[in-house]
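Down below is the structure, laid out as structure tokens.
The numbers here are math on the coordinates, done by the rules we state, and not lab data. Note that this is a predicted model, so its numbers are computed, not measured. Virtual Cβ from ideal backbone geometry, glycine too; neighbours counted across all protein chains shown.
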Amino acid sequence: MTTSGHEISEAAGFLSRAKRVAVITGAGISAESGLRTFRGAVNADLPADMRALWKEFDPATLATPEAFGRDPAMVSKWYDWRRLGCLAAEPNAGHASLTGLQERMEAGGGEVVVLTQNVDRLHQRAGTRGVVELHGTIMEWRCTRTGTRMTPPDVAFEHYPVASPYAEGGLLRPDVVWFGECLPEAAVRAAARAAATCDVFLSVGTSAVVYPAAGFLLEAKEHGAYTIEVNPESTPASGVVDASLRGTASAVLPRLLAAAFEKGATL
Ligand code: OAD
């Protein structure tokens with residue numbers, strides 16, 4: 001089911017009057033760049049190499065500090081494989097739309113803050129500024145002993161686990177947040193502020209089941225923001241938001257923003 005013109009038009013009206021917009025994105029916005037999501041029924045129709053990651057792999061053996069402690073070679077190799085996939089991917093029309101929204105609103109004295117659970121850096125590559133990375137990034141790795149961060153070269157590491165160049169006995173690990181780890185404090189503060197002060201909160205391509213990220217939409221709603229979800233499937237957020245727009249990010253976002261730009265006002 002795709003969303004109707006009426007639903008788009010109503011949501012666009014709120015967007016066109018907003019001064020501050022907060023957007024949270026998840027793996028779905030990068031699906032049309034060829035990157036696999038973690039969950040989501042929509043993946044059942046896709047070829048095996050595009051099926052949801054957590055349907056093929058067990059997060060407990062890959063995405064926890066304990067898993068890295070048990071088998072750092074296997075975990076590093078898996079994340080390096082994903083890192084190379086992110087490097088090969090290109091931002092799509094969904095990412096570009098959010099950059100366009102940010103530029104347009106900033107030119108009119110407004111603000112758009114993009115909070116992402118994605119580690120792929122595609123928002124930044126599409127030109128969005130000030131992206132808040134709630135789950136870190138796979139494009140940087142850090143030393144387990146010193147915490148020093150580095151950007152790996154654009155090719156696979158030669159050996160796994162990856163020996164740290166910064167401290168004897170240290171290893172490099174991806175600078176992502178694993179299950180059981182805290183989110184970066186500055187990112188959580190920035191997200192909480194954006195949720196508490198926005199007029200419109202837009203949730204794009206996330207299954208809305210992983211906390212605390214999923215909670216920012218609820219915070220925004222409590223503070224009186226108009227809430228919009230863009231997702232081809234229904235999620236736990238669908239019954240909560242003011243507008244649940246069904247469809248892919250690259251199809252719905254350009255329509256939504258074009259309709260908002262047409263309505264003009266502060267945009
Ligand atoms: P999920 O994989 O849980 O959810 C992806 C969502 O995107 C699903 O609801 C899909 O229906 C939707 N989707 C699929 N294709 C889409 C498209 N083209 N346009 C828009 N939406 C689409 O991804 P996240 O919600 O990002 O954490 O997952 C949250 C966290 O769970 C991730 O950051 C990761 C994962 O475990 C860690 O690894 C710690």
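For the range 135-267, the residue among G264, C198, P212 whose Cα projects farthest onto the positive side of the dipole built from Cβ charges is G264.
Among K19, K221, what is the fewest-to-most ranking by other Cβ atoms within 10 Å?
The order, fewest Cβ neighbours first, is K19, K221.
Principal axis analysis of the Cα atoms in the range 37-182 yields extents of 52, 40, 29 Å, listed in decreasing size. Distance from the C-alpha centroid of the range 82-112 to that of the range 137-153: 24 Å, rounded to the whole angstrom. Here the contact order of the chain, divided by its residue count and restricted to Cα pairs under 8 Å and six or more residues apart, works out to 28 percent. Taking 19 Å as the straight-line reach from the Cα of K263, the lysines in range (excluding those fewer than 8 positions away in the same chain) are K19. Count Lys and Arg as plus one, Asp and Glu as minus one, and take only other residues whose Cβ is under 9 Å from that of A12; the net charge is then 0. Across all C-alpha atoms in the chain, the radius of gyration and Dmax reach 18.8, 61 Å. Note on the chain: antiparallel DSSP beta bridges, both residues inside, total approximately 30 percent of the bridges counted. Using only the C-alpha atoms, the convex hull of the range 141-243 corresponds to 143 Å³ per residue. Computed about its Cα centre, the charge dipole of the chain is approximately 260 debye, with only Lys, Arg, Asp and Glu carrying charge at their Cβ. Backbone phi angles across the range 143-156, fed through the Karplus curve with coefficients 6.51, -1.76 and 1.60 (θ = phi - 60°), yield HN-Hα couplings of 6, 5, 8, 9, x, 4, 9, 9, 9, x, x, 6, 10, 4 Hz in residue order; Gly and Pro are listed as x.
What separates the Cα centres of the range 1-38 and the range 185-208 is a distance of 14 Å.
Annotation: average projected area of the range 80-130 is 3.5 square nanometres, based on the convex hull of Cα atoms across all directions.
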